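Novice: Next up is a structure, given as structure tokens.
The values are calculated or read from the model by the stated rules, or taken from the named source; none is laboratory data. Note that the coordinates shown come from a computational prediction; the quantities given were computed from them, not determined experimentally. All Cβ positions, even for glycine, are placed from backbone atoms using ideal geometry, and neighbour counts span all protein chains on display.
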Amino acid sequence: MYLGLATVTLLNLISYAPVQPNAHEKAWGDAAEYYAMSVQTGAQVDNPFALRMLSPWLVHTVNRFTGISLDSVWLAFTFALALAAATVFFEFLWVRLNLRLYTSALAAVALACTFWYAPYAFSNPYLVDPLNNLLYLLALWLLFDRRLILFALVIVVGAINKETTLLLAPLYPLAAWTRSRSLRDKQVIGGLVAVVVAGGLYFAFRLWAQALIGGDYGFGAGQANSGLLGNIRFALSSNKGVDQAALYSTFGFFWLIFAYGLYREFRRERTRSLLLVSSVWLGLCCLAGRLVATDTQRVFVMLAPLVIGLVAVQLDRHRGEARRIWVGVVFFLYLAVNYKLASSSTIFLVGLAGLLVFVLLEVPPFWPKPASGRVPPADDGPPTEEFLPHRGSLERD
């Protein structure tokens, strides 16, 4: 399985990454800013990019000690992080959510092939997004395992890479409160303390970074505007009214399966479902983040582990060889949408076909409905004749 994920990631690199000499000269958007920061730690680039120092500093350090070109280090860095994220996601589904190996593997491949999650990062491989994606995954796993100290540590490290990681911090006390319904619960109190500590440490980092850079990096300055309100106006006008289409294109028809999964989680566990609470919280964070960011898809792709994870939970309920094939078809059609294997005029029909297959699995005309709850991993069918257990008694001659 791990070799398969490595192969998919390598294919993404070969298909999308710029490998010509001095490829950084064609970097666009904030990637050009991060490349400049990897050349010189503390470079005076636009806000908020200047304070997202972790990824550029790591690349700069590797370049300094190995002599490998910055372009090559950025590519290797992106490859390693994309592969690590897909692997951690696979383990999260298989080990933590207890899904079948088959479903977990297909979902991990789907994550690695989600265009705005991995292929886009290879096409412009000077971004902080790959490390951010990996840290989001680790934070979610630690949230599910109730490992508060490690969760807070990941949040602080992630905030140095990209300040939006701080938005995950309140999720821990919120999730603890939905379980206990008491503000006196130790997990709730500990989570609130962790939020304050993480915020304080990040504020201290900002003061240090601003002193190192030597500039004034107030929130919202430097993005074709002079303040937060101007930043919001600038961001909201950037897509010229096509935000809905951009949002849908992030996950395509998986959005609808995800919404159905949220409904089932609410019916089954109400607000005690961590998948439900995490999805709603992170979705609200993405909506808030879109107010100050221009790339709708890059903002909402942060939901990828939860969207694809909930889709995997729904599809994992379907057992047997026949259903297993159709589960694979759903994932294949998702890959076809992301890799644009169909023409732009028929890509909507491909997504519609994927949704139709899922609906037929959920409301099957020819086979019984799947179990209503999550089914623990089990054999996909009865044992074959070769492995049938002995029945009866042994006779002595």
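Novice: Among the residues that make up segment 51-68, is at least one of them outside any loop (DSSP other than H, G, I, E, B), within 20 Å of the chain's Cα centre (by Cα) and of a type outside the set (A, V, I, L, M)?
Specialist: There is at least one residue in segment 51-68 that is outside any loop (DSSP other than H, G, I, E, B), within 20 Å of the chain's Cα centre (by Cα) and of a type outside the set (A, V, I, L, M).
Novice: Tell me which residues, restricted to segment 307-333, are more than 14 Å from residue 99 (Cα to Cα) and either under 12 Å from the mean Cα position of the chain (by Cα) or in a helix (DSSP H, G or I) (or both).
Specialist: Filtering segment 307-333 down to residues more than 14 Å from residue 99 (Cα to Cα) leaves 307, 320-323, 325-326, 328-333.
Matches in segment 307-333: 307, 321, 322, 323, 325, 326, 328, 329, 330, 331, 332, 333.
Novice: Of the residues in segment 1-29, how many are part of a loop (DSSP other than H, G, I, E, B) and more than 25 Å from residue 91 (Cβ to Cβ)?
Specialist: 9
Novice: Here's a follow-up. Of the conditions (1) in a helix (DSSP H, G or I); (2) modelled with pLDDT under 90, residue 71 satisfies every one except a single condition; which number is it?
Specialist: Going through (1) in a helix (DSSP H, G or I); (2) modelled with pLDDT under 90 one by one, residue 71 breaks only (2).
Novice: List the number of the failed condition for residue 182; all other conditions in (1) in contact with a helix residue (DSSP H, G or I) (Cβ under 8 Å, 6 or more places away or on another chain); (2) assigned to a helix (DSSP H, G or I) hold.
Specialist: Among (1) in contact with a helix residue (DSSP H, G or I) (Cβ under 8 Å, 6 or more places away or on another chain); (2) assigned to a helix (DSSP H, G or I), the lone unmet condition for residue 182 is (2).
Novice: Within segment 77-102, how many residues turn out to be of a type in the set (Ser, Thr, Tyr) and within 29 Å of residue 125 (Cβ to Cβ)?
Specialist: 2
Novice: Find the residue count for segment 113-147, including only residues that are assigned to a helix (DSSP H, G or I) and under 27 Å from residue 178 (Cβ atoms). Break it down stepwise before answering.
Specialist: The first filter runs over segment 113-147 and keeps only residues assigned to a helix (DSSP H, G or I), leaving 113, 119-123, 129-145.
This time we only want the ones that are under 27 Å from residue 178 (Cβ atoms), so: 132-145.
Selection size over segment 113-147: 14.
Novice: Just to be sure I understand the filter: pairs with C-beta atoms under 7 Å, separated by 6 or more residues or on different chains, first member in segment 331-359 and more than 19 Å from residue 119 (Cβ to Cβ), second member β-branched (Val, Ile, Thr) and surrounded by fewer than 18 Cβ atoms within 10 Å (Cβ to Cβ). Which pairs pass?
Specialist: Within 7 Å, the pairs are 357/329.
Per-residue answers, yes or no, for (1) modelled with pLDDT of 95 or more; (2) surrounded by fewer than 20 Cβ atoms within 10 Å (Cβ to Cβ):
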site	(1), (2)
19	no, yes
82	yes, no
85	yes, no
91	yes, yes
106	yes, no
110	yes, no
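Novice: Identify the residue in segment 270-293 that is more than 21 Å from residue 146 (Cβ to Cβ) and assigned to a loop (DSSP other than H, G, I, E, B) and, among all such residues, is modelled with the highest pLDDT.
Specialist: 291
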